[in-house]
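What follows is a single structure, written as structure tokens, with notes after it.
The values are calculated or read from the model by the stated rules, or taken from the named source; none is laboratory data. Keep in mind that what you see is a predicted model, and the values were worked out from it rather than measured. Don't worry about glycine lacking a Cβ; one is built from the backbone with ideal geometry, like all the others, and counts go over all protein chains shown. Note: areas computed on protein heavy atoms with side chains; ligands, DNA, RNA excluded. Shrake-Rupley method; radii C 1.70, N 1.55, O 1.52, S 1.80 Å.
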Amino acid sequence: MTGPDISSQRADPFAIDAEPDLSGFKPRPAQRTPAVARATIREVSEENNFPSREAATKSKPKSQRRRITGRNVQINIKAKQETVDRLIAIADRRGWVLGEVLEHALAALEATDQPRT
């Protein structure tokens, strides 16, 4: 069983035509969609659990530990999160910047340091 021969109805893509026949193509008429009230949009979105695009409330940012102290050399170290938390807690309790905590810790270690024999 063979189908209808449609090859005679198709356009030849390799044919050289100066102007193809586009008379069958016409633009669709413009359709105006009715405006929907914002309250209706909000109601539908809440019923269907659409996420809101409203800005989330900002949480209070961490307080900055910046003071002019004359310390201008940076040191980067790796530590466990618990150690960093302890360091920050000491600085907060005493009202020091992190450089001061380091200075006091080194002074305390040096005061108890015993030379190796």
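Just to be sure I understand the filter: pairs with C-beta atoms under 6 Å, separated by 6 or more residues or on different chains, first member in segment 1-27 and open to solvent by 100 Å² or more (accessible area, probe 1.4 Å), second member aliphatic (A, V, I, L, M) and modelled with pLDDT of 75 or more. Which pairs pass?
Going by the 6 Å Cβ cut-off, there are no qualifying pairs.
Those residues that are assigned to a loop (DSSP other than H, G, I, E, B) and exposed (fewer than 10 other Cβ atoms within 10 Å of the Cβ), I need them from segment 44-54; list them, please.
Within segment 44-54, N48, N49, P51, S52, R53, E54 meet the criteria.
Which is part of a loop (DSSP other than H, G, I, E, B) and surrounded by 10 or more Cβ atoms within 10 Å (Cβ to Cβ), of T83, T57, T69?
It is T69.
In this structure, does L98 turn out to be modelled with pLDDT of 90 or more and more than 31 Å from the chain's Cα centre (by Cα)?
Spelling it out, it is not the case that L98 is modelled with pLDDT of 90 or more and more than 31 Å from the chain's Cα centre (by Cα).
Would you confirm, using the coordinates I've provided, whether I41 is at pLDDT 90 or above, open to solvent by less than 100 Å² (accessible area, probe 1.4 Å) and either aromatic (F, W, Y) or outside any loop (DSSP other than H, G, I, E, B) (or both)?
no
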